[in-house]
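Data first, discussion second: the structure below is written as structure tokens.
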Amino acid sequence: ESVGAWAGQESAYGLHDPAVRVTVVSDQESEIHTLLITGHEGATYAMREGGDVIYEIPGSVLTQLRSELRADSVLSFDAERVSSFSVAEGELVHAFARTDDGWQYAAEPDLPLDDKKVEDLLLRIRDLKTERFVRYGSVDDTALFGLEDPQRVIKLHFDDNSETILNVSAQSGGAGAPPGRLASVSGQPGLFILSNEMLSRAAVSLDELE
């Protein structure tokens, strides 16, 4: 909208630690530009990294850049194709297997389960959604995000012998992130935040499944 200041005054406008960095790469990768954007004292400022001018811009630009662009579903599967699944937290593992007679609890096969309630738990797991992706690409440095030894692990086994694993870290998303825990799906790109409410939906209570 307008020129706010000149280079050298980045810290006075919050651009020494920008909220968002936008990198634009040309088709031939011959030009790479990084735009620094942040909110500061009720206004929004931007400047090209290495540039000379700090601009004041509409706050809606920062809002749009912070908006989640990826679909918010973290798991996508046909519940009818799940042959077994488990929810583990530390040493406690709740495992369920689909049999001809309905769902069976692995640790206590004779435990009378309500099939509909187990199916509802599976559907709640399928419908888990994230508020924010922290990283879109692959997550190779799992230890950095607490995923080397996750706090919670949800495993889904399918009728074609394939498997999907959701790992949930004990770590939060950090300052400025929605409350919740970092999580990722093994073998799939993306590091995201699952809110405490979402995690509670996937919690297992045997008393409620009988």
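Just so you know, all these numbers are worked out from the coordinates, no wet-lab data involved. For clarity, every value in this text was computed on a predicted model and none was experimentally measured. Note that each Cβ is placed from the backbone with ideal geometry, even for glycine, and that neighbours are counted across all protein chains shown.
Quick one: length gained pulling residue 72 to residue 22 fully straight, 0.36 nm per residue minus the C-alpha distance?
Details: separation 50, 0.36 × 50 = 18.00 nm, distance 2.16 nm.
Gain on stretching residue 72 to residue 22: 15.8 nm.
First measure r as the distance between the Cβ atoms of residue 163 and residue 48, then evaluate 1/(1 + (r/R0)^6) with R0 = 41 Å and state the FRET efficiency to the nearest 0.05.
According to the calculation, E is roughly 0.35.
Please state the charge dipole magnitude for the chain, taken about the Cα centre, from unit charges on C-beta atoms (+1 on K and R, -1 on D and E), reported in debye and rounded to the nearest 20. Write down the numbers at each step before the final one.
On the way: 17 positive and 37 negative charges, 104 e Å.
The calculated dipole for the chain is roughly 500 debye.
How much FRET efficiency would the formula 1/(1 + (r/R0)^6) give for residue 110 and residue 186, where r is the Cβ-Cβ distance and R0 is 30 Å, rounded to 0.05?
Computed FRET efficiency for residue 110 and residue 186 comes out at 0.40.
What angle do you read, to the nearest 10 degrees and between 0 and 90, between the alpha-carbon axis of helix 115-126 and the longest principal axis of the chain?
That works out to roughly 20 degrees.
Among 85, 73, 34, flag the residue with its Cα farthest along the positive direction of the charge dipole of the range 5-128, charges on Cβ as +1 for Lys/Arg and -1 for Asp/Glu.
34
In whole angstrom, how far apart do the alpha carbon centroids of the range 111-126 and the range 138-210 sit?
19 Å
Between residue 9 and residue 34, what is the FRET efficiency for a Förster distance of 22 Å, r being their Cβ-Cβ separation, to the nearest 0.05?
On the way: r = 18 Å, r/R0 = 0.83.
That gives a FRET efficiency of 0.75.
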